[in-house]
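The values are calculated or read from the model by the stated rules, or taken from the named source; none is laboratory data. A quick note: this is a predicted structure, and the numbers were derived from the prediction, not measured. Here the Cβ is made from the backbone with ideal geometry for all residues, glycine too, and neighbour counts use every protein chain on show.
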Amino acid sequence: MIEVHELTKDFDSFRAVDHINLSIPAGSVLALLGPNGAGKTTSVRMMTSILAPTSGRASIAGFDVVQQPEQVRAHVGVLTEQHGLYERMKALDYLDFFGRVYHLSAEQRRQRASSLMERFGLTFALDKRLGEYSKGMKQKLALVRAMLHDPPVLLLDEPTSAMDPQSARQVREAIVELQHDERTFLITTHNLTEAQSLADRIAIIRHGRIIANGSFAELARQFVGLPLMELHINGHVNGLTRDLSDMVEVQDSGHDWLRFRVADPRATNPALLRRVAGMGIEVVTLAPVSQTLEDIYLQVVKEDEAQEARHNGSHS
Ligand SMILES: Nc1ncnc2c1ncn2[C@@H]1O[C@H](COP(=O)(O)OP(=O)(O)OP(=O)(O)O)[C@@H](O)[C@H]1O
Ligand SMILES: [Mg+2]
């Protein structure tokens with residue numbers, strides 16, 4: 001549904017986006033993550049025909065972002081960083097204006113605007129001027145605007161930034177619901193818990209280049225290694241580390257617990273439990289320690305920094 005091929009953007013001599021490739025199937029959510037200034041917003045703007053690429057291609061629902069900007073705009077809902085426009089306009093008129101841009105009938109405009117405003121708890125503010133909106137209210141209104149024409153593809157640049165926790169959850173729930181309706185999403189966010197809960201795939205961009213791209217499980221395998229297990233026993237783990245050293249490599253331990261990594265938990269864990277039981281030790285729990293997207297993200301960025309330092313070192 002979203003195809004990006006070698007997309008590049010130069011601002012004068014500065015390369016903000018550097019030959020990125022992405023493929024986002026219909027009905028899925030891709031989270032584009034990365035440090036400030038990495039090129040996320042620039043990528044989103046190119047993918048929605050707002051900004052002309054320097055080179056490369058992108059298409060949305062089969063329409064080329066350079067050749068067919070009108071069709072792209074009809075098929076995409078976009079939320080980008082806010083620019084303080086339309087401060088004197090009332091919210092209702094603002095949405096009506098965009099409804100006309102999207103060729104919605106008067107009835108559709110009224111119906112879509114009121115149901116979306118209600119969904120995000122903004123019914124009370126339909127008559128307020130945008131200049132009187134709080135930051136989070138503006139963000140919600142921008143989201144309503146992006147969803148107004150019920151587009152099949154939504155590109156949302158930091159959709160929940162500035163939102164209170166309850167509102168952020170409403171937005172996540174809306175995204176999940178729309179995904180079930182086969183809508184396709186690209187979202188950028190600095191909230192890694194949010195990315196982990198929403199995204200089917202995760203791409204990480206740094207200095208304009210994609211440095212990781214895959215499902216959570218794929219990235220976890222690639223960047224943080226084997227699954228981590230935690231064993232709790234009744235009593236002290238003294239000596240147990242040594243007694244298990246031929247089976248697993250213990251990474252960390254406390255007085256009644258230890259953590260180890262295993263290549264194949266199905267093979268290793270039962271054998272390990274038999275041995276521990278044979279030693280007369282009571283097992284309280286043996287459970288996987290869940291890896292978070294934050295662990296993965298920090299590792300990906302760290303490895304890329306290290307690679308960059310080696311590269312720079314070899315050239316100085
Ligand atoms: N119009 C512009 N002219 C010149 N440089 C720009 C322009 N827009 C963006 N840049 C530069 O391109 C780089 C990428 O910016 P971009 O806004 O895409 O980052 P981002 O990943 O969205 O960051 P953030 O997480 O802070 O939103 C930055 O170095 C920025 O300074
Ligand atoms: Mg940005």
Quickly run through segment 24-43 and pick out the residues that are polar (S, T, N, Q) and closer than 23 Å to residue 294 by Cα. 28, 36, 41, 43
Among the residues that make up segment 58-72, is at least one of them in contact with a strand residue (DSSP E or B) (Cβ under 6 Å, 6 or more places away or on another chain), assigned to a loop (DSSP other than H, G, I, E, B), in the same structural domain as residue 22 (by TED's automatic domain parsing) and under 24 Å from residue 34 (Cα atoms)? yes
Within segment 124-161, work out how many residues are within 19 Å of residue 179 (Cα to Cα), in a loop (DSSP other than H, G, I, E, B) and within 16 Å of ligand 2 (Cβ to nearest atom). 3
Kindly list, by first and then second residue, each pair from a residue in segment 3-31 that is in the same structural domain as residue 204 (by TED's automatic domain parsing) to a residue that is part of a strand (DSSP E or B) and aromatic (Phe, Trp, Tyr), limited to pairs with Cβ atoms under 9 Å and residues at least 6 apart or on different chains. 24/185; 28/185; 29/185; 30/185; 31/185
(1) within 16 Å of ligand 1 (Cβ to nearest atom); (2) modelled with pLDDT under 95 all hold for residue 70 apart from (1)
State which residue is nearest to residue 281 (Cα to Cα) when the search covers only segment 229-271 and only residues that are in contact (Cβ under 8 Å) with a residue 40 or more places away in the chain and among the aliphatic types (A, V, I, L, M). 233
Quick one: how many residues across segment 49-98 are among the hydroxyl-bearing types (Ser, Thr, Tyr) and surrounded by 18 or more Cβ atoms within 10 Å (Cβ to Cβ)? 4
Within segment 293-305, can one find any residue that is touching a strand residue (DSSP E or B) at 6+ places or on another chain (Cβ under 6 Å), outside any loop (DSSP other than H, G, I, E, B), more than 30 Å from residue 15 (Cα to Cα) and not assigned by TED's automatic domain parsing to the domain that holds residue 40? no
Filter segment 20-44 down to residues that are in a loop (DSSP other than H, G, I, E, B), within 6 Å of ligand 1 (Cβ to nearest atom) and either surrounded by 20 or more Cβ atoms within 10 Å (Cβ to Cβ) or over 15 Å from the mean Cα position of the chain (by Cα) (or both), then give me how many there are. 4
